[in-house]
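What follows is a set of notes on a single structure, which appears directly below.
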Amino acid sequence: MILENLHITHFRNIEKETIAFDSRVNILYGKNGQGKTSVLEAIYLLAITKSFKAQSDKIFLQHSQNYLDIKGGFKSANGNRIEVRYFYSEKDGKNIFLNTNKVEKYSDLIGLIPVVLLSLEDFELTYGVPANRRRFLDILLSQVHPLYLSALQNYKRALAQRNKLLTLIKENKEPPYSLEPWDEQIVKNGSEIIRHRITFIEFLSQKLAANYRKISSLNNERIEVTYKSNIDDELQKKTQQEIQEDFTRKLNEQLNGDIQKESTTIGPHRDDLIFKKNGFPFKSYGSQGENKTFLIALKLVESEYVLQNAKEEPLLLLDDIFGELDENRIGHLIDFIADIGQTFITTTVRHKFENARLNRQNFFEVNDGRIVQ
Amino acid sequence: MNTLGIDALDTLINQLSKLPGIGHKTAQRLALFILKSEPAYSEALAGAIIKLKQETRLCTRCFNIAESELCSICRSPQRDNHTLCVVEDIVDVMAIESSNEYKGLYHVLGGVISPLAGIMQNDLHMKELFERVEKEPIKEILLALNPSTEGEATMLYISRQLKESPVRITRIASGVPIGSHLEYVDAATIGRAILSRQDL
């Protein structure tokens, strides 16, 4: 997918801008707080229908304005032109339009414009809490597999119902057997989630080490990725049927504990993805540069997965991640990235990109909400 | 809200805007239409509304809408009393009836199980359903609840409760709508339809 042009009105500190993008590499440079990230956020909103920064639409609004309007003109791999428009007003709330038709179910839009984002918020992905890594898997797999998104929505719904029921059972208001229909749905949808996650992780472990070596100067690092589930070890060796049986058994084993805690302790909502380097998990005190290189390698595999499964090149959004890398490394990376998909990079240091084979049309200066090529 | 300070008009607008799908603007337009119409029309409309409530009630057997103790479907000798279709609401009876394909009887649950909404099996016409299975000559239960998480759970609950019973339990198929093009059907529905494909 290629984003050809973007119109932004009253979004954060951007008054009204129209940007025509390069089909490969776009570098948005400028001082902090000028609106570089807002451009990436606007692109992300069109693709995912939610922000990666804010929870509420109200705070996107430019000061003292009552509506905002973001419109993107895209070209798909088979040459189709697509327009997505995100419109928010204080009066009517949020509305999204696809080729001028109002989108009723936002989940229908997910995956149409695949995006891969790497921002400062992702830095804890390697060593932070497991919820970060589950979110990473969920956003990626929902974009590529519509059935994953629907299984995830049903799973979360059934989980909320089950947890409510656990409270009622603890208070003796309901008998434990009333859990049965919810458990069945949790197992059915949960094993669907696990199946997709395992397939992706197998792809990831095959590609990640090679990618990491390509962009890192360290050649003999050993990188491993594994899926850790509280249902079972080595789920990847089991059939769907076996996973369902193990899941059901584990839910029953934990039943009394779950009733006491009024919460479900077994299932993919508690699973994790473990990254190891030379046999050890990543630690928060490791080198920031190494962590960044690793994350970039990870995002590149993510992009490859999208390309292979969704048959559409993703948009790569790289938010201010090149700070500590030197010019040679950056030049090398840009060459590599440009082959994967259209890329949008924000940076405060334009001069670091001089080495990369780029022209004037690849650079955009962002200054106080104005964007100039 | 803009009003002309005319009490009778404001009261009608207020009542109309409580109807589902009717906002304040539409309620205004409807009220003004009634205001401008012949008195005979407004009397007929008011009469129809009152009559609806006075002359209908819920069928004591299946909880469909009825004019007497039993609804017209339960009373009809043409219906097949070996098959029972379980639905969420009266509107679903209307939808299935409009297909002219179903000849059996109904049972309206009045909702689906949802602990979060405070609705459990005892808040629905569930006990009455199991009593009917015992007393009536039912051979098949067709579950036609919406395929939401709650609808699925309710169908599972019913089928588990009737595990020991000899009745056949079926559920309506879900998949690609008739007459629609595959390219316009959402991907999750197509995915499900492919997973539950049938031999030809």
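The values are calculated or read from the model by the stated rules, or taken from the named source; none is laboratory data. All values reported here derive from a predicted model rather than from experimental measurement. Methodologically, a virtual Cβ is constructed for each residue, glycine included, from the backbone with ideal geometry; neighbour enumeration extends over all protein chains shown. When the accessible area is computed, the model is the full protein with side chains, heavy atoms only, and any ligands, DNA or RNA have been set aside. Shrake-Rupley method; radii C 1.70, N 1.55, O 1.52, S 1.80 Å.
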Inset, instruction - Could you work out, for region A:1-90, what percent of all Cα-Cα pairs fall into each 10 Å distance bin, beginning at 0 Å and stopping at the bin that holds the largest distance? - result: 16, 51, 28, 5, 0
Inset, instruction - Could you order peptides A:342-354, A:179-191, B:87-99 by the average number of other Cβ atoms within 10 Å of their residues, highest first? - result: A:179-191, A:342-354, B:87-99
Inset, instruction - Mind checking region A:252-325 for chymotrypsin sites (Phe, Trp or Tyr not before Pro) that DSSP puts in a loop (not H, G, I, E or B) and that have at most 15 other Cβ atoms within 10 Å? - result: A:TYR285
Inset, instruction - With the convex hull built on the Cα atoms of region B:65-199, state its orientation-averaged projected area in nm². - result: 10.3 nm²
Legend entry - In region B:1-78, trypsin sites (Lys or Arg not before Pro) in a DSSP loop with at most 15 other beta-carbon atoms within 10 Å: B:LYS18
Inset, instruction - Please report the buried accessible area for the interface of B with A, total over both chains, probe 1.4 Å, in Å² to the nearest 100. - result: 1900 Å²
Inset, instruction - Report ³J(HN,Hα) in whole Hz for each residue of region B:161-173, in order, from the Karplus equation J = 6.51 cos²θ - 1.76 cosθ + 1.60 where θ = phi - 60°; Gly and Pro get x. - result: 5, 9, 3, 7, 7, x, 5, 7, 10, 10, 9, 5, 6
Inset, instruction - Compute the label zone of A:GLN308 within region A:115-132: residues whose backbone N is under 19 Å from the point 7 Å along Cα-to-Cβ. - result: A:115-117
Legend entry - For B:TYR184, net neighbour charge (Lys/Arg +1, Asp/Glu -1) across residues whose Cβ lies under 15 Å away: -3
Legend entry - chain A: antiparallel DSSP beta bridges as a percent of all, rounded to 5: 70 percent
Inset, instruction - Under 1.5 on a/c is rounded, so check that first for region A:98-204, then, if it is not, pick prolate when a/b is larger than b/c and oblate when it is not; a ≥ b ≥ c are the square roots of the alpha carbon gyration tensor eigenvalues. - result: prolate
Legend entry - Extended-chain gain in nm, criterion 0.36 nm per residue less alpha-carbon gap, A:ASN359 and A:ASN328: 9.5 nm
Legend entry - Segment A:GLN153-A:GLU290, extension gain: residue separation times 0.36 nm, minus the distance between their alpha carbons: 45.8 nm
Inset, instruction - Sticking with the crude label model, points 7 Å out along Cα→Cβ, report the distance from B:ALA95 to B:ARG29 in nm, one decimal please. - result: 2.6 nm
Inset, instruction - Report, to the nearest whole %, how much of the accessible area of chain A belongs to carbon and sulfur atoms, 1.4 Å probe, protein only. - result: 46 percent
Legend entry - Label-point gap, in nm, between A:TYR127 and A:ALA160 - each point 7 angstrom along Cα→Cβ: 3.5 nm
Inset, instruction - Could you work out the local net charge near B:VAL108, counting Lys and Arg as +1, Asp and Glu as -1, over the other residues with Cβ closer than 9 Å to its Cβ? - result: -3
Inset, instruction - Go ahead and estimate [θ] at 222 nm for chain A from helices alone: -39,500 (n - 2.57) per DSSP H run with n ≥ 4, summed, over the residue count, rounded to 500. - result: -13000 deg cm²/dmol
Inset, instruction - At most 15 other Cβ atoms within 10 Å and a DSSP loop assignment: could you name the trypsin sites (Lys or Arg not before Pro) in region A:249-295 that fit? - result: A:LYS283
Legend entry - Solvent-accessible area per residue, Å², over the protein assembly as shown with all protein chains present [probe radius 1.4 Å]: 52 Å²
Legend entry - Gain in span if fully extended, B:THR60 to B:PHE130, counting 0.36 nm per residue against the direct Cα distance: 23.8 nm
Inset, instruction - Pop a pseudo-label 7 angstrom from the Cα along the beta-carbon direction at both A:ILE82 and B:LYS103 and give the gap in nm to one decimal. - result: 4.8 nm
Legend entry - Square roots of five times the Cα gyration tensor eigenvalues for region B:7-55, Å: 18, 15, 9
Inset, instruction - Select from B:SER180, B:SER159, B:SER76 the residue whose mean-square fluctuation is largest in a Gaussian network model of chain B (Cα-Cα springs shorter than 10 Å). - result: B:SER180
Legend entry - Projected area, mean over directions - region A:124-311, Cα convex hull, nm²: 11.4 nm²
Inset, instruction - Per DSSP H run of at least 4 residues, take -39500 (n - 2.57); add these up for chain B, divide by its residues and hand me the 222 nm value, nearest 500 deg cm²/dmol. - result: -12500 deg cm²/dmol
Inset, instruction - Kindly provide log₁₀ I(q)/I(0) values, in the same order as q = 0.07, 0.09, 0.10, 0.11 Å⁻¹, from the Debye equation applied to equal alpha-carbon scatterers of chain A. - result: -0.35, -0.58, -0.71, -0.84
Legend entry - At least 30 Å² of accessible area lost relative to the chain alone, listed for region A:123-153 with a 1.4 Å probe: A:PRO146, A:LEU147
Legend entry - Förster radius 41 Å - calculated FRET efficiency between A:GLU90 and A:ILE274, Cβ distance, rounded to 0.05: 0.35
Legend entry - Accessible surface of region B:72-161 [probe 1.4 Å, protein heavy atoms]: carbon and sulfur percent: 50 percent
